[in-house]
Structure formats: C-alpha cells, structure tokens
Amino acid sequence: MLTAVLGFFPAAADTETTVIVRADRPGPVIDKDVYAQFSEHLGSGIYGGVFVGEDSPIPNTRGLRDDVIAALRELRVPMVRWPGGCFADEYHWRDGIGPRERRPVRVNTNWGGVPEDNAFGTHEFFDFVELIGADAYVNANVGTGTPREAAEWLEYMTGDQDTTLARERRANGREQPWKVSIYALGNETWGCGGNMRPEYYADLYNQYATFMKTRPGAMPELLASGDHDGQTVFTETLMKNVRGRMDAISLHYYTILGPRWEDKDTATGFDEEGWIRTLANTLRIDGFIARQDALMSELEKARPGGRPRAKTGLYVDEWGTWYRPEPGSNPGFLVQQNTLRDALVAAANFNIFHKYADRVRMTAIAQTVNVLQAMILTDGPAMVLTPTYHAFHMYRPFQDAVSLPVEVETGTYSHDRWSVPRITASAARAKDGSLVIGLVNLDPRAGAAVSVGIEGARVSAVTGEVLTAAAMDAHNTFENPEMLHPVPFTEAALEGGRLDVRLPAKSVVVLKLR
Ligand code: AHR
C-alpha cells in the first residue's frame, strides 16, 4: 500500500507495441523554434532566475547568471519569447531603457503585485538571448499600448539609419540593430490582454500591423494573438478579417487538472490518478491542433488579399503543466516542482508537435526558469536542472530535422475512468543524417516491448538515452540535483534491419540510428 502511494509499483509484464517509421516518406522540417522558451517578468522568472545584476555575488556576465546562461546554451534554446504573457500588455518599453537608476518603478499587477524596477529591459533581453545563442521573440503591448509605441519599439530595435530612435539605441550602448524574429501584437486578447471580442481584436490587429515597418530584410514575422484550448473563434475571425501581414496565430494550452481552477494537482506527491489525468489532459492538444489546422487550411483558400501565401503558422507560444504553487511560495509567482511526469508531458508534446511540422513551426514552453514547467530552478546561488530540461536536451536532434511519419500500434493504459495510449512516438532524419526516434512509455507500471520497423532506410547501429525513475514524482532538488538525469540506453537491439526496444515503465527514450 505504502509503495503505491509513493508511486512505486511491482513490475508488470511488458506490453507489446509496433512502430513503423516511414523513412521513405519524408515530411516537412521540424523548425528548431518548436523548442523555444518563454520568459516573462513573473516571480523569479527573470529577476533572480536570469538577471541578478552586476553587483551580485552570484557569478554573472553584465548581470546575467553564468550558470543559467551555460545551461541554456547547452540546451540549444533556439528562441526566447519576452516580456510576457499578461505582463506584455502593461509593459511600456521606454521604462526599460537608459540608465537603470533613472528607470521608473512600476507595479507588476498581474504577478504578485510586486515592484518592477525595469532593471531588465530591451538591452538586457538581447544581451541574454545573444549569450545563450537564441533568436528573439518580442511581444508588443496592445492592451494598454498604441500602434505608435509598438512601431517605435520596432524601429528602436531594428533601425540602422541615422534616426532619432536608432541614435537613442546607440547612445544606450548598442551600435548595431538587433534581429527580431517574431513580433507578437498582443497576448491573450480574450483575457488578460484586454478581454476583447475577436472582431474587435481583428480590427485592432489590422491597425497595428499596418504600421509595423522596418528596413528591408529586417521585418520580423508578425504574430496575432489567438485561441486557447479547443476554442477556434479567434483563428476563424482573424483568418476572415485580417487584410495585411499575419504570419502566424498563437494557441495557448496549459495542462491543468480541473474542472475548476482550484482543482489543480500538486506538482509532487500525486497519485496514479494525478499521473494519468495529467497525461490524458496534455494529449488533448493533438485534437486542438488538428481542429485549428483543418480550419486554417480551409480558410487559407479564401484569405482576404487574395494572393497565394505560405501556410499561416499556428504557434503554440504557451504550453506546459500548471499545478498548485509550492507551499510557502508567493501564489502570484507560479513556482512549482518538476518531476518525471513533466518530462513525459514535454516529450509527449514534442511527439505531437512533430506531426504538424508544417503548421506548428514555433512553440514556447511556459516558462524557462522558476515559473510553471521550468527547465531550471534557482535558489540564491544554487541551480538545479529539472526533468523537463532533460527531455528538451534529449530531443535536441529533432531541431531542424526532417519529420518522418510514424505508424504506431499500441494498447491503452487505463486507470479508473482514464485511458491513454501506452506509447507515443515520433521520428525524423536529423541534420547529421542519422535517424532519430523519440519514444514515451506513459504506463507507470509496465515496460513495453517495442518492435520498430524502418521503411526506406538501412540502419546498422543504434545508440540512445533514457530518462526514468522508480517513483512517478521523482525530481531533482537543491540537496540532490542529480536524482534524475538521462543515462545511456542499452535495451535496443538491431537485427536484420528490425529494431527491438525494451522501454522501461514511465520513461522517455531517444534513439539515434545510423
Ligand atoms: O504563463 C503565465 C501566464 O499564463 C501568461 O502570462 C499568460 O499569457 C497566461 O495566461
């Protein structure tokens, strides 16, 4: 009884699964930006977690934590979204430039009502992304801003002529313009971004988008704020009414146990129901994306403006688990532990995103450090890498790889009234020519014998990594930061072009075949 409560189960017999990888039917490239991150001014997501100031005893480069920078470089984070989130629609970029001692102090009304001293602003953000080797996704303020404010921020960041705004940037220490890859016009406009009707936002989007201009070659992708969960009304209204540039529409989906907001699960100490419900909830995103994709394909044929265009992107720029805050933490700071369950959530989402590679060309997990499903937790000078960090690390070969369709025949793992497929999988041809396969065993009790057939490619060698643990809520702590990390995987054997894999219960495995 006690063992079940703690998430340890007696060994069950292996289940059987068949996976066929169609290397003979290569699909679209999985954009590296599918592995992007979201960093908001929220709790210690920026202050303390990323930025500690030059005078901090914590080793730093121009105020940015060296340990966090090194960990994120190692993760090959392709892009960071900033400054929010809800925060973005109350953020005025001029508050965050110029000498720090002269920057105004505001109240972060969304997150804990704490003072925001604007020590981390535009220059610090670009310093951060340059240090970790990532591209920049900047979210403009539509809720309390103006088209002029958003247009001037774009010129400040990207202008290279002898203009007042470019001169101001130079005077503040940055000679060359920065590259903004994505410029989002608003966030969650159905909620914290202004509680707008979709029709009203579509008009506002048109107004803003008309005035976003920069020099040739420097124009970022313009991203409209879209739906959440299974809703499609924003996508539909935007696709029907936006006349100008709209490269993508966002979708937000958090894995939250309901039905009420207060019913959220705890991040640790959960039972098997918490395990399966979380995984079943996270898999719902597959259907949400499929609906959006079908709708967008249909409406693309009839977009106003007429000319043929590239597929409008569906950017899932907020996703991940949202649990009850850690006891003793400020509830407005959204601090939560991160366990093996979160690693499986991340990997199962990757396997879904890969299926929609031509539509879902960017996603951002919420959030990078200390907030929600974080990669990294910090406590003063201490830093710990979470199981989610390790899942992202294991899946690095999928960045910019060519997706390969997979056909999976697997049974269901059930508990109480919940059921999920036992195994989820995806495959790709990596940039180095190897074939990569990601496998997730959602069953916390039974291992799985997976027979993998590869159509259209010859392979002769296999290596891999596995992330698993005895307990469902295994996690790393500041006292024991290495409790959970990937180890070499030895339970894969190749024979006559067929691959036999023995997946442990509750595990993530990434295989590389040559
Ligand atoms: O990630 C936390 C918050 O969740 C974001 O600020 C907001 O966009 C969403 O509701």
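A straight Cα-to-Cα reach below 20 Å connects Lys213 with the lysines Lys179, residues fewer than 8 places away in its own chain not being considered. Each residue of the range 340-352 was assigned a 3J(HN,Hα) from its phi angle through the Karplus curve 6.51 cos²θ - 1.76 cosθ + 1.60 (θ = phi - 60°); the sequence is 3, 4, 5, 5, 5, 4, 4, 5, 5, 5, 4, 4, 6 Hz, with glycine and proline shown as x.
As a test of the formula, what do you get for the chain when each DSSP H run with n ≥ 4 contributes -39,500 (n - 2.57) and the sum is divided by the residue count, at 222 nm and rounded to the nearest 500 deg cm²/dmol? Don't jump to the answer; show the numbers that get you there.
On the way: 10 runs with 120 residues, N = 514.
Only helices count here, giving -7000 deg cm²/dmol.
Under the combined filter of DSSP loop state and at most 11 neighbouring Cβ atoms within 10 Å, the range 352-451 retains these trypsin sites (Lys or Arg not before Pro): Arg417.
In terms of accessible area, using a 1.4 Å probe and ignoring ligands and nucleic acids, Lys512, Lys179 rank largest first as Lys179, Lys512. For the range 394-400, the Karplus equation 6.51 cos²θ - 1.76 cosθ + 1.60, evaluated at θ = phi - 60°, returns couplings of 5, 8, 3, x, 6, 5, 6 Hz by residue, with Gly and Pro reported as x. Annotation: amide H of Gly121 has no partner in the under-5 Å range at sequence separation 5 or more or interchain, hydrogens built in the peptide plane. Counting only Cα atoms, the range 188-325 measures 53, 30, 27 Å along its principal axes, largest extent leading. Cross-link reach is defined here as a Cα-Cα straight distance under 26 Å, omitting same-chain residues fewer than 8 places apart; for Lys264 the lysines meeting it are Lys506. Ellipsoid fit via the Cα gyration tensor, the range 392-463: semi-axes of 26, 14, 11 Å, each the root of five times an eigenvalue, largest first.
Taking Cβ atoms as reference points and 9 Å as the exclusive limit, the residues near Pro405 contribute a net charge of +2, counting Lys and Arg as +1 and Asp and Glu as -1. Annotation: the antiparallel percentage among DSSP beta bridges lying fully within the chain is about 55.
The peptide list 406-412, 172-178, 151-157, 63-69, put in order of mean Cβ contacts within 10 Å with the highest first, becomes 151-157, 63-69, 406-412, 172-178. Its residue count N sets the reference 2.2 N^0.38 Å, and the alpha-carbon radius of gyration of the chain equals 0.97 times that reference.
Accessible surface ranking for Leu185, Leu385, 1.4 angstrom probe, highest first: Leu385, Leu185. In terms of its C-alpha gyration tensor, the range 378-509 has an oblate overall shape, because the principal axis ratio a/c (a ≥ b ≥ c, square roots of the eigenvalues) is not below 1.5 and a/b does not outweigh b/c. Residues whose amide H lies under 5 Å from that of Thr321, counting only those 5 or more places away or on a different chain, are Thr255, Gln373; hydrogens are built 1.01 Å from N in the peptide plane. Working note: Karplus 6.51/-1.76/1.60 with θ = phi - 60° gives the range 251-266 the couplings 9, 10, 8, 9, 8, 10, 7, x, x, 9, 3, 6, 7, 3, 7, 8 Hz, where Gly and Pro are set to x.
The values are calculated or read from the model by the stated rules, or taken from the named source; none is laboratory data. Not measured: the values here are computed from a predicted model. Ideal geometry is used to build each Cβ from the backbone, glycine not excepted, and the neighbour counts take in all protein chains shown. Each accessible area value is taken on the protein alone, full model and side chains, heavy atoms only, with ligands, DNA and RNA left out. Shrake-Rupley method; radii C 1.70, N 1.55, O 1.52, S 1.80 Å.
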